[in-house]
1. Which residues, counting only those in segment 1-11, are assigned to a helix (DSSP H, G or I) and exposed (fewer than 14 other Cβ atoms within 10 Å of the Cβ)?
2. Working carefully through the options GLY113, GLY83, GLY73, find the one that is under 11 Å from the mean Cα position of the chain (by Cα), surrounded by fewer than 17 Cβ atoms within 10 Å (Cβ to Cβ) and more than 13 Å from HIS41 (Cα to Cα).
3. For residues in segment 86-110 being among the polar types (S, T, N, Q) and in contact (Cβ under 8 Å) with a residue 24 or more places away in the chain, which is surrounded by the most Cβ atoms within 10 Å (Cβ to Cβ)?
4. Is it the case that some residue within segment 80-99 is under 26 Å from ARG111 (Cβ atoms), in contact with a Cys (Cβ under 7 Å, 6 or more places away or on another chain) and at pLDDT 95 or above?
5. For segment 22-38, indicate whether the set of residues that are under 15 Å from LEU104 (Cβ atoms) and not small (Gly, Ala, Ser) is non-empty.
6. Looking only at segment 99-116, count how many residues are out of contact with any Ser or Thr (no Cβ under 9 Å at 6 or more places or on another chain), in a helix (DSSP H, G or I) and among the charged types (D, E, K, R).
7. On the basis of being surrounded by 15 or more Cβ atoms within 10 Å (Cβ to Cβ), of a type in the set (S, T, N, Q), touching a helix residue (DSSP H, G or I) at 6+ places or on another chain (Cβ under 9 Å) and at pLDDT 95 or above, does THR67 make the cut?
8. Give the residues of segment 23-63 that are aliphatic (A, V, I, L, M), outside any loop (DSSP other than H, G, I, E, B) and either modelled with pLDDT under 90 or more than 21 Å from ASP95 (Cα to Cα) (or both), sorted by residue number.
Amino acid sequence: MSLPLRRSLAAAGWWLFSVYLLLLKPAGAPSAIPHFDKLGHALLFAVWAWLLARSLAARQRPPLRPTLWLCLGWALLSELAQGSLTLTRSAEAGDVVADMAGALIGLYLWRRGKGR
């Protein structure tokens with residue numbers, strides 16, 4: 001299996017994992033730490049942005065803009081879906097902000113590490 005294909009599969013697999021976490025897994029009890037779930041959102045999107053950038057870099061240069069658009073699209077769509085398709089979750093603008101902060105962190109880490 002070629003390296004670009006493996007990287008694309010890794011990004012797709014992580015996205016499917018996020019579908020499970022954001023839409024299929026029932027919401028747990030609220031954390032004792034206010035807004036702790038935002039850290040989870042940021043981490044989820046940081047990893048996905050890093051994997052997307054790695055995957056897209058093999059096909060085009062630079063992958064920053066498409067990665068950000070994909071992350072923004074999924075952040076908005078997942079929140080809309082949580083608000084309308086699930087019974088245990090709600091849509092929160094703060095989650096989109098956390099998602100995009102994570103995406104920016106993931107892109108920063110990808111860009112910092114690509115020279116190595």
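1. LEU3, LEU5, ARG6, LEU9
2. The conditions single out GLY73.
3. Here the answer is THR86.
4. Yes: segment 80-99 contains one or more residues that are under 26 Å from ARG111 (Cβ atoms), in contact with a Cys (Cβ under 7 Å, 6 or more places away or on another chain) and at pLDDT 95 or above.
5. Yes, there is a match, as at least one residue in segment 22-38 is under 15 Å from LEU104 (Cβ atoms) and not small (Gly, Ala, Ser).
6. 2
7. Considered against the rule, which asks whether it is surrounded by 15 or more Cβ atoms within 10 Å (Cβ to Cβ), of a type in the set (S, T, N, Q), touching a helix residue (DSSP H, G or I) at 6+ places or on another chain (Cβ under 9 Å) and at pLDDT 95 or above, THR67 comes out as yes.
8. Selection gives ALA53, LEU56, ALA57.
The values are calculated or read from the model by the stated rules, or taken from the named source; none is laboratory data. Computed from a predicted model, the values in this text were never measured in an experiment. Glycine gets a Cβ as well: all are built from the backbone with ideal geometry, and neighbour counts include every protein chain shown.
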